[in-house]
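In what follows, a structure is listed as structure tokens, so that the remarks can point back to it.
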Amino acid sequence: MTRAALYCRLSREDEGMEASAESESIQNQRAMLLAWAERLGCQVQGIYCDEDYSGADRDRPAFNRMLAAARAGQIDVILAKSQSRFTRDMELVEKYLHGLFPVWGVRFLALVDHVDTGDPAGKKSRQIYGLMNEWYLEDLSANVRAVLTHKRRQGCSIASSPLYGYQKDPAQKGHLLPDEAAAPVVERIFALALSGLGCAAIARRLNTEGIPAPAAAKALAAGRAPGPGLWTKATVHRLLTNRTYAGDLVQGRVERISWRGKQTRRLPESRWIVAPASQPALVSRAVFDRVQALLSARARSGSRGAPHPLAGLVVCGLCGRLMEQTRSGTVPKSGVPTRYFRCRTARQSPSACPGQPYLPLADLEELIAGRINALFAAAASLPPAPVKPPPPAAGTARRLRLALAGLYQDKAAGLLGEEEFAALRTELLARLRQLEAPVRSAEPPEAPDPAIPPPLGRELAAALIEKILIYPPDPDGNRRLEIFWRV
């Protein structure tokens, strides 16, 4: 008997797409597909449901479990209400419906739009459905972004969770109220900054007093375990420089790169959306401005130089957090400062990492340099890799001429406008002239000696080293150190 998998999906993006919300619910999709499987005489292998997941989301748990079962040969046919239930991503349509499913021996059927991958003649209609579904998501993303931008400019908080020190106003959506537990902590942090304490000293005092950091406070409010979250210098600095605490709601610091994925990027301050005096202030404007002046005065002037090549790669072997550089005394006679890598957690709260691992920077640099020298020496003993000859220029020139001829045909058929045609024609002609230009003989540059490693720089260290774990010395003074290489 044919083994069938039933797939159901519903998300907010689908509201209004069907005649009624009831016809699109997970329960109704399941009932509809079960009846269809019975009419087809299929044995239901499994019912896979993803609720509140977008059709473009590739991390849907039930969706990926179903694909794993199909890959393992446990499914013969996948039934869905429509192709958009399966995916709204055109790339996934091509990858699975027209690529992997035929290889796995899986047939895809959709009830409403009569999609059947067993019918080769329906490929174009499936691709059209995929494009329409993708265009819908793209338009929806643009509309949602425009609405959210308008709300931000109106001073409406759209964050899923409020900023530390605030709570959502139950009587007015988008409005914030001071949080009784966290607002006094914010006021105290500003007071400590006014008293002359730096961000690191404030963080240490809060950790010593056992005051939960923002992440830990959020977890406690949600009824979850707080975890090892601690106040850090960066956390205190972000809090002290956030204008929202003076009443100006600041939003739009990051944006999603594309509606297809979840990757985001930080925006410059000039693109932040600030709504002046739109929320209750936790500190006065005078206090906020005075703290900004103090922070600016404490900042170091001039260039601090490039980061150390090993920065961001050295990790405490006990708590798993990054270690930081510090200076402790000077070398006798020479007066050169002695620098160390020390555990950042132990610096903030000794009880959180009692081992307090550390290692002199000079010792670590010497060790890493020796290991890298050994890697380059081993690479020098390997036979050279064969050099591939460059592709013949004649074939490339022929393809460019054919593309140029097709360009004129598209223009004659009205598929290209004058500006687009002129730009493409200029680009093709330039590439063709460059290809047909006489090649001048030149002496090849001298290849570097593979046995001599280049100086340890930031790019080389990041390319070779994944991380370095440092543990505290044992009673005999021996140090344990682990290096994880990328090669």
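Per-structure values
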{"item": "Members of the stretch 102-124 that are of a type in the set (A, V, I, L, M) and over 25 Å from ALA68 (Cα atoms)", "result": "VAL112, ALA121"}
{"item": "Given (1) surrounded by fewer than 16 Cβ atoms within 10 Å (Cβ to Cβ); (2) touching a strand residue (DSSP E or B) at 6+ places or on another chain (Cβ under 7 Å), index of the condition LEU100 fails", "result": "(2)"}
{"item": "Number of positions in the stretch 98-107 that are over 17 Å from ALA37 (Cβ atoms) and not in a helix (DSSP H, G or I)", "result": "1"}
{"item": "Residues located in the stretch 128-160, provided they are out of contact with any strand residue (DSSP E or B) (no Cβ under 9 Å at 6 or more places or on another chain) and either among the aromatic types (Phe, Trp, Tyr) or assigned to a loop (DSSP other than H, G, I, E, B) (or both)", "result": "TRP135, TYR136, SER160"}
{"item": "Residue check, ALA277 modelled with pLDDT of 85 or more and among the small types (Gly, Ala, Ser)", "result": "yes"}
{"item": "Residues of the stretch 338-354 that turn out to be surrounded by fewer than 18 Cβ atoms within 10 Å (Cβ to Cβ) and over 14 Å from THR232 (Cα atoms), as a count", "result": "4"}
{"item": "Subset of the stretch 61-83 that is among the basic types (Lys, Arg) and touching a helix residue (DSSP H, G or I) at 6+ places or on another chain (Cβ under 9 Å) - its residue that is nearest to LEU140 (Cα to Cα)", "result": "LYS81"}
{"item": "Qualifying positions in the stretch 170-212 - among the aliphatic types (A, V, I, L, M) and buried (at least 20 other Cβ atoms within 10 Å of the Cβ)", "result": "LEU176, ALA182, VAL185, VAL186, ILE189, ALA193, ILE202, ALA203, LEU206"}
{"item": "Considering residues of the stretch 96-125 that are charged (D, E, K, R) and modelled with pLDDT under 90 only, the residue nearest to SER54 (Cα to Cα)", "result": "ASP113"}
{"item": "Residue in the stretch 63-80 that is farthest from GLN29 (Cα to Cα), counting only those that are part of a helix (DSSP H, G or I) and more than 26 Å from the chain's Cα centre (by Cα)", "result": "ARG71"}
{"item": "Pair list, Cβ < 7 Å and 6+ apart or interchain, from the stretch 229-246 residues that are among the charged types (D, E, K, R) to residues that are in a helix (DSSP H, G or I)", "result": "LYS233/CYS199; LYS233/ALA200; LYS233/ALA203"}
{"item": "Pairs where the first residue, in the stretch 467-486, is touching a residue at least 40 places away in the same chain (Cβ under 8 Å) and the second is of a type in the set (Ser, Thr, Tyr), C-beta under 7 Å, 6+ apart", "result": "ARG480/TYR471"}
{"item": "Selection from the stretch 85-97 of residues that are outside any helix (DSSP H, G or I) and surrounded by fewer than 21 Cβ atoms within 10 Å (Cβ to Cβ)", "result": "ASP89"}
{"item": "Which numbered condition ILE465 misses (of (1) surrounded by 12 or more Cβ atoms within 10 Å (Cβ to Cβ); (2) at pLDDT below 60; (3) among the β-branched types (Val, Ile, Thr))", "result": "(2)"}
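The values are calculated or read from the model by the stated rules, or taken from the named source; none is laboratory data. Source: prediction; values computed, not measured. Here Cβ is always computed from backbone atoms with ideal geometry, including for glycine, and neighbour counts include all displayed protein chains.
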